[in-house]
Amino acid sequence: MLQENVANAWCAAPGAGLASRAPTGHFGGMDQPHAPIATPCIKVCVVDGESGLCLGCQRTLAEVAGWTRFTDAERTGIMAALPARRAHIRPEKLALFG
């Protein structure tokens with residue numbers, strides 16, 4: 001009987017229930033659109049053993065893994081360095097993926 005009264009009181013309380021709660025926690029505010037994150041990924045995810053760089057985007061594994069956690073400034077700095085990194089990969093390997 002006590003459980004039933006407690007349950008009824010909770011359900012009858014103004015604003016009670018999941019639908020009326022404000023977003024909190026990990027998923028709070030997910031209905032808000034976010035600007036897309038710039039990425040050099042071209043969907044060719046093959047890491048060159050000699051250079052440690054992805055043959056598609058020339059990022060390191062650590063950069064690929066942490067990309068969404070970097071600030072915009074960090075991502076911009078990495079992207080600016082990518083063209084020079086191609087020189088660290090043998091041309092015949094790059095030719096495999098265009």
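The values are calculated or read from the model by the stated rules, or taken from the named source; none is laboratory data. Quantities reported herein were computed from a predicted structural model and do not represent experimental measurements. As a convention, Cβ positions derive from the backbone with ideal geometry for all residues, glycine included, and neighbour counts pool all protein chains shown.
Confirm whether residue 35 is at pLDDT below 95 and either within 16 Å of the chain's Cα centre (by Cα) or surrounded by 12 or more Cβ atoms within 10 Å (Cβ to Cβ) (or both). Walk me through how you get there before you give the answer.
Values: at pLDDT below 95: yes; either within 16 Å of the chain's Cα centre (by Cα) or surrounded by 12 or more Cβ atoms within 10 Å (Cβ to Cβ) (or both): yes.
Judged against the criteria, residue 35 is a match.
Do we have residue 77 as at pLDDT below 95 and not aliphatic (A, V, I, L, M) here?
Answer is no for this residue.
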